[in-house]
Amino acid sequence: MKLIIQIPCFNEEDQLPRTLSHLPRHVDGFDVVEWLVIDDGSSDATIEVARRHGVEHIVRLTNNKGLAAAFQAGIDAGLKLGADVIVNTDADNQYEGADVPKLVAPILRGEADMVVGDRRVNTIKDFSASKKLLQRLGSWVVRQASSTEIPDTTSGFRAYNREAALQVQVVSKFTYTLETIIQAGKLLVAIDHVPIRTNPKVRESRLFPSVGSYVRRNALSVFRIYSQYEPLRVFWAAAVVMGLGALALFARFVVAYIGGHGRGHVQSLIAGAVLFNAAMLLGALGVLGDLLAAQRSLSQRTLERVRRIELQLGVEPSHYEPGAAAPQPSAEPPEREAIEV
Ligand SMILES: Nc1nc2c(ncn2[C@@H]2O[C@H](COP(=O)(O)OP(=O)(O)O)[C@@H](O)[C@H]2O)c(=O)[nH]1
Ligand SMILES: [Mg+2]
């Protein structure tokens, strides 16, 4: 059994050594534990630092593609490097690396395919009140959309077994955390969560320069993802609101008409017709969205099979470079040369 711990990095030369120093080299239930750094076009010495600190595998994206793309590249490489379980963590040591065994335990027991580390957000001192509130709200929306019970949906500390990893297909550019949970909830993947420890903040968030941007970008992501996965609910709910408005206005006109002063209420009729049109349009968008959602799940199934075929064929990971030689005697030395697909 091989465990690969992946860390998406963007200019993390300062933080990486400490983060790596917390990561386990041996985890019960695994013969091999290897590390993978996905360097997202860093301009600093992230890759050299990673090599110097014993990271065996490097995926070097040529330019900055964003965290979600780096996460996806890591999952892909992890599978091709033969991981049975892939753990993702952040480079800034926010998640306690020593809790990796806790995170993979439900997978090893055969009870889950994907496990999300729960930071128990309410207990984190570094998070502002508005960040906590949004966390709770966002997590609630994601739970509704995904039909799961994950308390901390934006946590980046996660474990995937092979089956779950094969199914991950992130299309959002900016966040993978919410989308992957919604996807997993809809696929044949069992999701679990375990409480994990966090370390004090060492620097400001790179992903969100301010609380305002955190709220805006996450709210937008939640809405976009929810409407992508539940288009009928979103658009039909809006259509019903518009439709009820139209009905109220029509009723107003009819009452006035019967009362003999219908002429003076033609505005109600016009406004009602406009709202009615909007309701029809939204309803139609819901149907289109639903058709697209069906297509998306078909594409996802196809891509999952393509991945299985790639693994069978031994296709090499993209943008891969070997890192440091494996430190433990039981680990196979990385046998790959610099590889392009
Ligand atoms: N691939 C990639 N990773 C990034 C980027 N920005 C931040 N990260 C990584 O995402 C993780 C979380 O970043 P951080 O700034 O701590 O954001 P937080 O989620 O608010 O704590 C770290 O491992 C960063 O290196 C980026 O543009 N691309
Ligand atoms: Mg952080």
Residue match in region 97-106 (condition: crowded, with 19+ Cβ neighbours inside 10 Å and part of a loop (DSSP other than H, G, I, E, B)): no
Looking only at residues in region 55-96 that are more than 12 Å from ligand 1 (Cβ to nearest atom) and in a strand (DSSP E or B), which one is surrounded by the fewest Cβ atoms within 10 Å (Cβ to Cβ)? 58
Exactly one of 202, 168, 194 is in contact with a helix residue (DSSP H, G or I) (Cβ under 6 Å, 6 or more places away or on another chain) and surrounded by fewer than 22 Cβ atoms within 10 Å (Cβ to Cβ), and that residue is 194
Residue tally, condition surrounded by 15 or more Cβ atoms within 10 Å (Cβ to Cβ) and outside any loop (DSSP other than H, G, I, E, B), over region 17-45: 13
Pairing a residue in region 5-16 that is in the same structural domain as residue 45 (by TED's automatic domain parsing) and part of a strand (DSSP E or B) with any residue that is of a type in the set (D, E, K, R) and within 11 Å of ligand 2 (Cβ to nearest atom), where Cβ atoms lie under 8 Å and the two sit 6 or more apart in sequence or on different chains, gives 7/90; 8/90
Six or more apart or on different chains, Cβ atoms under 6 Å: show the pairs whose first residue is in region 241-261 and surrounded by 13 or more Cβ atoms within 10 Å (Cβ to Cβ) and whose second is modelled with pLDDT under 90 and assigned to a helix (DSSP H, G or I). 253/265; 256/262; 256/265
Within region 115-165, can you find the residues that are of a type outside the set (Phe, Trp, Tyr), over 23 Å from residue 224 (Cα atoms), touching a helix residue (DSSP H, G or I) at 6+ places or on another chain (Cβ under 7 Å) and not in a helix (DSSP H, G or I)? 115, 117, 128, 159, 161
Restricting region 191-210 to residues that are more than 16 Å from the chain's Cα centre (by Cα) and over 19 Å from residue 97 (Cα atoms), the one nearest to ligand 1 (Cβ to nearest atom) turns out to be 206
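The values are calculated or read from the model by the stated rules, or taken from the named source; none is laboratory data. Note that the structure is predicted; figures quoted are calculated from it, not measured. With ideal geometry, Cβ positions are generated from the backbone for all residues, glycine too; neighbour counts draw on all protein chains shown.
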